[in-house]
Amino acid sequence: MIRAVVVDVDDTLCLTEAASFDLENDVLERMGRPPMSRAVHLSTWGEVLLDAMPHRSPGVDLDRFAALFPDVHREYLAAGRLDVIPPENLAALDQLVEQGRTVLLLTSRTETEVAHMLAPDHVLATRVSAAYHQGNTRYRKPDPRVFDELLAETGLAAADCVYVGDSPGDALAAGGAGIRFIACLQSGVRRLDEFDPRYVTGSVETFPEVVAAVAGLEARPGPPAERGAAPPSAPSPRAG
């Protein structure tokens with residue numbers, strides 16, 4: 001049995017690239033800077049925010065951007081413009097829990113960026129057992145060691161888990177850790193042919209399809225790679 005379904009946040013559980021593009025341009029506008037193009041944002045999507053911003057807005061004052069970002073982030077959350085989890089995705093999580101599976105989050109977001117999703121009154125509170133982020137993991141995707149704390153703290157084995165994510169880096173991390181991986185293509189940001197097929201054990205067009213995909217994997221052989229097989233040369237963390 002697959003005991004745990006580990007879920008990425010950005011562009012997997014909720015669609016955030018477009019909202020993040022608007023949010024970051026809002027911050028740039030308040031700094032008196034021109035907006036970035038969508039093409040530039042897409043080409044750097046998946047990088048840590050402050051690592052990506054010099055490419056998205058050359059010459060940007062990173063300290064000022066970092067100081068302004070939290071307030072604008074809160075405004076977007078309060079207005080329902082960011083991190084909106086569709087009802088059908090919540091229903092899928094409910095089905096996974098009803099099947100006896102543990103649902104966990106694993107994201108490259110900072111603790112501050114994910115804190116609101118971990119609040120006791122959030123819609124995920126009764127659905128997600130734990131979350132792993134930059135505040136409680138030592139490594140970042142695509143380094144397979146990003147799963148170290150999750151496996152150690154839960155007592156789960158890699159073979160007990162499946163990771164659902166939207167990026168090739170997600171697949172590399174899971175495959176290198178010996179964890180099965182389902183590519184979620186709903187955002188349209190990535191195509192399946194961009195993923196290394198050695199690390200992909202399934203794919204879905206929409207997140208709710210994960211329920212059937214997980215059930216289907218239980219009848220198949222284990223993960224596509226053993227831990228440590230073709231690990232990435234260097235971590236390349238993403239915002240989500």
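Of all residues in segment 38-76, those satisfying the criterion of being in contact (Cβ under 8 Å) with a residue 60 or more places away in the chain and either hydrophobic (A, V, I, L, M, F, W, C) or touching a strand residue (DSSP E or B) at 6+ places or on another chain (Cβ under 7 Å) (or both) are L42, W45, V48, L49, A52. None of A152, A174 is crowded, with 23+ Cβ neighbours inside 10 Å, assigned to a helix (DSSP H, G or I) and of a type in the set (G, A, S) except A174. If you go through segment 136-172 and keep only what is within 22 Å of G46 (Cα to Cα), at pLDDT 95 or above and of a type in the set (G, A, S), you end up with G165, A171.
May I ask you to list the residues in segment 118-128 that are under 11 Å from V7 (Cβ atoms) and not charged (D, E, K, R)? Answer for segment 118-128, where residues must be under 11 Å from V7 (Cβ atoms) and not charged (D, E, K, R): L124, V128.
Here is the figure for segment 165-201: residues that are without any contact (Cβ under 8 Å) to a residue 12 or more places away in the chain and either among the acidic types (D, E) or in contact with a strand residue (DSSP E or B) (Cβ under 9 Å, 6 or more places away or on another chain) (or both) total 2. Taking D94 as the residue in question, decide whether it is within 24 Å of V128 (Cα to Cα), surrounded by fewer than 19 Cβ atoms within 10 Å (Cβ to Cβ) and out of contact with any Leu (no Cβ under 9 Å at 6 or more places or on another chain). Spelling it out, D94 is indeed within 24 Å of V128 (Cα to Cα), surrounded by fewer than 19 Cβ atoms within 10 Å (Cβ to Cβ) and out of contact with any Leu (no Cβ under 9 Å at 6 or more places or on another chain).
In segment 203-222, the residue that is surrounded by the most Cβ atoms within 10 Å (Cβ to Cβ) out of those that are out of contact with any Leu (no Cβ under 6 Å at 6 or more places or on another chain) and not in a helix (DSSP H, G or I) is V204.
Tell me, please, whether a residue that is in the same structural domain as L185 (by TED's automatic domain parsing), of a type outside the set (D, E) and within 26 Å of Y139 (Cβ to Cβ) can be found in segment 87-96. Break it down stepwise before answering.
Of the residues in segment 87-96, the ones in the same structural domain as L185 (by TED's automatic domain parsing) are 87-96.
If we keep only those that are of a type outside the set (D, E) as well, we get 87, 89-93, 95-96.
Still in the running and within 26 Å of Y139 (Cβ to Cβ): 93, 96.
Scanning segment 87-96 turns up at least one residue that is in the same structural domain as L185 (by TED's automatic domain parsing), of a type outside the set (D, E) and within 26 Å of Y139 (Cβ to Cβ).
Among residues belonging to segment 13-45 that are touching a helix residue (DSSP H, G or I) at 6+ places or on another chain (Cβ under 7 Å) and among the β-branched types (V, I, T), point out the one that is surrounded by the fewest Cβ atoms within 10 Å (Cβ to Cβ). The extreme case among them is V40.
Could we say that L104 is touching a strand residue (DSSP E or B) at 6+ places or on another chain (Cβ under 8 Å), farther than 24 Å from S20 by Cα and modelled with pLDDT of 95 or more here? Can you show your working first?
Details: touching a strand residue (DSSP E or B) at 6+ places or on another chain (Cβ under 8 Å): yes; farther than 24 Å from S20 by Cα: no; modelled with pLDDT of 95 or more: yes.
Judged against the criteria, L104 is not a match.
Scanning segment 183-193 for any residue that is assigned by TED's automatic domain parsing to the domain that holds R140 and in a helix (DSSP H, G or I) turns up at least one such residue.
The values are calculated or read from the model by the stated rules, or taken from the named source; none is laboratory data. Note that this is a predicted model, so its numbers are computed, not measured. So basically every Cβ, Gly included, is an ideal-geometry build from the backbone, and we count neighbours across all protein chains shown.
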